[in-house]
Amino acid sequence: MVRATIKIMLCLLLAAALCPAALALADAPYITTYVDGEGRRVVIQPIYVPGSFIEQSFVEPVDVFVTGVDHVFVVDRKGNAVHEFNARYEPVRVYGTAEGEGQLSAPEGVFVSAAGEVYVADSGNSRIAVFTPEGELARQYVKPEAAGLDSSYIFAPSKLAVDNRGVMYIAVKGSGLGLLRMGQDGAFRGFFGANKANPSLLNWMKRLILNQEQLDKEVANKPRPIMNVGLDNYGFLLTVSQGQDRSGNLRQLNAGGVDLLGSRSLLFSDMLADAAIDRAGFLYGVEQQQGRLVVYSPAGEALFAFGGLQTSAQEKGRFIYPTSLGVNSRDELIVADSGMGTVQFFSRTSFGESALKAASMYYKGRYAESRAYWETLATANEMFDLTYQGLGKLALMDGQYSLAMDHFRQAKDVKGYSEAFWNVRLDWMRSYAVAAGLAAAVALIAWRLLSRRTVAVLGRLPWPPGISRYGRELGEALRIWYKPYDGYYRLKERRVPYAVLLTIVLLAIMARLFHSYGTGFLFDTTEPGKKNAWMELGIILVPWLSWVAASYLVCSVRGGEGRFREVVQGCAYALIPYIAFTVILVPLSNLVVLEESIVYTALFQIMLIVVAAHFFIMLQVIHNFDFIEALKNAALSLFTVFLLWFFLTIVGGLTFNLYDFFYQIYREVT
């Protein structure tokens, strides 16, 4: 699946090409970052800049709602009122201040229906108050009578949304049961969209160890309550929850309660207070801990983050305790800050407008319409590789498959690359399949005719004894490959020349480098220039050396017969399957497409099983263990490897700290 972060990066660069004036915008009082394909936050030009504060003295604004005609409703909890403003942010009306039944007490949420009725979560009065567009109390809803709502259920509504049938979805304070559904008639219609409880390893261990009486005293692992709820243009519910694991903190629920965002763990969502959605499907969230505003793609990928907490004097664009946000038809963001007692709006810059408009076009698959954007972008921004995402799509549409492959490779678009490569491979097979088949048949026949004769001729040559032995020992490697028990028995109590062992280990190192640098793009998108050859060397040598040392120490203590040299020899020969499989896997990774990747994956897993089996058989045969003894000692050896790594990590850390301590003393003295 194409990463949304890659798509948006293209659009950012496009906007930079088309709107150079945007780059010269006055500095905002915060930095704006985007999240790239590797999860890094990169500073960019502002996509939103703070505008003015709404001219109203709020005491504690806690909720914002924007209607279809851009009227803004603000809930002032401590002011016990709901304020309405027009599209120019001018005061229109105040709800809930009149004496009598219409007076509000600590309201926390507001929703305006298409008919103009104003629904208020009147928390202090434990009700939903409904006002006419003229500000008169029309009706109210209190806790419904239902079997599932006994006296222990406290009806303290905090937020709500109302669908086109008039069904209310109410977030109740502290309730982990989900949104309370209430019909127009005030009848209880069940709960909806409850969060799932997040089980932890500690809770699982407690259930295994503690008895029932002790478990009853433990705090139950309950689902998180829903903190906020809203409605998008398609009638889907947006729910906001808070939690450190982030999974499902922002959800887009359809009528069946299915989360269209897939209960993803969204970046910056652990302390979300509210969320909104614009006409193009982009999601916006306000995060309280760091005072951030976040822009998400329609699929839930974090794209931009900006804003921040107040550092000294009050300044636009920063917050103390943001509580809610809305978005209007001009794509302005309206944010309530209960800590500052203000509501301010943010305007989209020309840079942000171009970037998000182009991104929306891309998400909807309108590639042909975006051709001019991508071509202009490529001309003005050749230094940015990610611009080739869009160019790859265009090249694919034009049938320029090789060019599309190059573009998708630079954009790290595996799916697009696979599609382009499939077409390249198909064209090649149509043109050269017959010739390639004939060449393969000729090569096979020649091999069958000449291989035995070549071996026989080479065997009759007067080779020096050392070279002759070297060849025989390498031949034993082939025996071990297909007859492991017989091969390792023949290897036992035999002194293999160090040159042979060194050759096998070097071949394994070469196989690792071949695998790292030669694996096809579909299975390894890391650029070769970003790989560390020494790291690749360590990946093969460190586990091998650790196993040699650990298996010898453990098996020697537990009655193993193998000498150290025999263990080294056996471990070296056990690398042969890895070498052989790598020779097959690397070319295969460059020939298959994504739909055929199961072949590569299965073969890779078979390789791991065969290599593990060879090391196990080697341990059993060299030390003369039966199967159960070998299994126990293999497990102990593996545990010893992890202990060895842990010990070396601790020693390395202490050594570095000691060095740093003396170095700091030296700096102080000098």
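The values are calculated or read from the model by the stated rules, or taken from the named source; none is laboratory data. What you see is a predicted model; the values in this text were computed from it and never measured. All Cβ positions, even for glycine, are placed from backbone atoms using ideal geometry, and neighbour counts span all protein chains on display. Just the protein is used for accessible areas: all its heavy atoms, side chains included, with ligands, DNA and RNA removed. Shrake-Rupley method; radii C 1.70, N 1.55, O 1.52, S 1.80 Å.
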Open item on the list: Test of the criteria: in the stretch 292-326, which trypsin sites (Lys or Arg not before Pro) are in a DSSP loop and have at most 16 other Cβ atoms within 10 angstrom of their Cβ?
Closed with: Lys316
Open item on the list: Quick check: residue separation of Arg165 and Val258 times 0.36 nm, minus the Cα distance between them. What number comes out in nm?
Closed with: 31.5 nm
Task: Nearest-0.05 FRET efficiency for Lys415 and Gln103, computed from C-beta distance (R0 60 Å) - done: 0.55
Task: Radius 14 Å from Cβ of Asn633, net charge of other residues (Lys, Arg +1; Asp, Glu -1) - done: -1
Task: Accessible area (Å², 1.4 Å probe, nearest 10) - Met271 - done: 50 Å²
Task: Inter-site label distance for Val442 and Phe639 at 7 Å from Cα along Cβ, in nm - done: 6.1 nm
Task: FRET E, pair Val69, Lys364, Förster distance 30 Å, beta-carbon r, rounded to 0.05 - done: 0.70
Task: Heavy atoms of Lys364: accessible area, 1.4 Å probe, square angstrom to 10 - done: 120 Å²
- [ ] Kindly provide the pair-distance distribution of the stretch 557-670 built from C-alpha pairs, with 10 Å bins from 0 and whole-percent values in order of increasing distance.
- [x] 12, 25, 22, 20, 13, 7, 1
Task: Cα gyration tensor category, rounded, prolate or oblate, for the stretch 37-159 with a/c compared to 1.5 - done: oblate
- [ ] For n ≥ 4 DSSP H runs only, could you compute -39500 (n - 2.57) per run for the chain, divide by its residues and tell me the 222 nm figure to the nearest 500?
- [x] -14500 deg cm²/dmol
Task: Pairwise label distance in nanometres, Ser329 with Tyr482, each label 7 Å out on the Cα-Cβ vector - done: 7.7 nm
Task: Solvent-accessible surface ranking, highest first, for Thr525, Thr649 at 1.4 angstrom - done: Thr649, Thr525
Open item on the list: At 1.4 Å probe size, put Met429, Met535, Met340 in order of accessible surface, largest to smallest.
Closed with: Met535, Met429, Met340
TODO: Excluding residues fewer than 8 places away in the same chain, name every one of the lysines whose C-alpha is closer than 28 Å to that of Lys364.
DONE: Lys7, Lys393, Lys412, Lys415
Open item on the list: What FRET efficiency comes out for Arg40 versus Asp524 if R0 is 25 angstrom and r is the Cβ-Cβ distance? Round to the nearest 0.05.
Closed with: 0.80
TODO: Mind jotting down the three principal axis lengths of the chain based on Cα atoms? Whole angstrom, largest first.
DONE: 114, 70, 68
Task: Gyration tensor (alpha-carbon) shape descriptor, the stretch 390-454, a/c threshold 1.5 - done: prolate
Open item on the list: To check you understand DSSP bridge types, tell me what percent of the beta bridges within the stretch 266-355 (both residues inside) are antiparallel, rounded to 5.
Closed with: 95 percent
Open item on the list: On a 1.4 Å probe surface of the protein chains, which of Lys483, Lys222 comes out largest in accessible area, and what is the full order?
Closed with: Lys222, Lys483
Open item on the list: If packing is taken as the average count of other Cβ atoms within 10 Å, what order do 176-186, 656-666 fall into, highest mean first?
Closed with: 176-186, 656-666
Task: Heavy-atom surface of the stretch 578-670, accessible at 1.4 Å and reported per residue (Å²) - done: 64 Å²
- [ ] Let me have the relative contact order for the stretch 468-567, percent, based on Cα pairs under 8 Å that are six or more residues apart.
- [x] 28 percent
Open item on the list: 7 Å from Cα along Cα→Cβ at both Ser597 and Ala612: what's the point-to-point distance in nm?
Closed with: 2.2 nm
Task: Solvent-accessible area of Val130 with every protein chain in place, 1.4 Å probe, in Å² to the nearest 10 - done: 0 Å²
